1. Among I67, I188, I99, which one moves the most in a GNM of the chain with springs linking Cα atoms closer than 10 Å?
2. Let's test the formula: R0 of 35 Å, r as the Cβ-Cβ distance of Q57 and H77. What FRET efficiency results, to the nearest 0.05?
3. Looking at the chain only, what percent of DSSP beta bridges run antiparallel? Nearest 5 please.
4. How many percent of DSSP beta bridges within the range 112-243 run antiparallel, rounded to 5?
5. Work through the residues other than Q64 whose Cβ is under 12 Å from its Cβ and net out their charges, Lys, Arg +1 and Asp, Glu -1.
6. Test of understanding: express the Cα radius of gyration of the range 12-79 as a ratio to 2.2 N^0.38 Å, with N the residue count.
7. Among G156, G87, G113, which one shows the highest mean-square fluctuation when the chain is modelled as a Gaussian network with alpha-carbon springs under 10 Å?
8. Treat the count of other C-beta atoms within 10 Å as a stand-in for reagent exposure and order M189, M199 from fewest to most.
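Please treat every number below as a calculation from the coordinates, not as lab data. If you're wondering where the values come from, they're calculated on a predicted model, not measured in any experiment. Counting neighbours? That spans all protein chains shown, and the Cβs are built from the backbone with ideal geometry, glycine included.
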Amino acid sequence: MSKSKIVPLNFAAVNQQSPPSFSSEVLRSKRKTLALYISHKKVLVRCPQRASRAEVQEFVNSNQDWIQNRLQEESLHDQERLRIEKGGKIFYRARELTIEFKEGRKQRILINGDRFIIQGHKLTAAKARVQVEDYLIDKASEYIIPRARGLARYLGVDRKISEIKLRKTKTKWGHCTSAGVVQYNWLIMLAPYSIIDYMITHEVCHLVHMDHSRRYWNLVESICPSHSHYIDWLKEHEHRYWF
Ligand SMILES: [Zn+2]
């Protein structure tokens, strides 16, 4: 008797047109209004203590389109997340490159056409990841630090800088404290130079105005006139940079 082969059906592909189902969780609190949050493929409804089930359901139903769009966006972002592995895609300077591993005694990273080549000895995904991290930290200290200092000098606030830190943070690109600590996320080195320059400008201008006031944005604009375009660009693509 021959064993019949089980062919898995690809439900995901078949159902591509119909919206995916989702589970939702309801959290009651002292709040006065209903609000929706999306995270990790889940929908969270925050509502007042006394909101009825029907009311909550009606609220979810009336926001179906928004929920579906957000869920779709979340799953797309997840697919596009950077994975440092052989054959993976890296969104480098606004171009999608393919990651290649190359055997070699010398550790280095080469960008050739649409290939992002990681060269090292007996490379593994973990080793390659460390190599990319080191590469970006090096690039950031070569590029960001002198430019931030140069801009601060131009604005007459170089004495206010106590330290420029490079650090990978979970969500932020940069940070500036009133004590003069300017911090940049070195992952920004994956972005185009115009975006990096905007981030440099953003933090250094805080040494002049410690807020996001009109005066602050006027100063940013005088140095980086296309800043709003760069902010939008970063919002759209930044999910591809964290690894
Ligand atoms: Zn700011």
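1. I67
2. Between Q57 and H77 the formula returns 0.80.
3. Here the share of antiparallel DSSP bridges comes out near 50 percent.
4. Taking every DSSP beta bridge with both residues in the range 112-243, the antiparallel ones total about 50 percent.
5. Once positives and negatives cancel, what remains is -1.
6. This ratio for the range 12-79 stands at 1.21.
7. Taking springs between Cα atoms under 10 Å, the residue moving most is G113.
8. Arranged by neighbour count, lowest to highest, M189, M199 become M199, M189.
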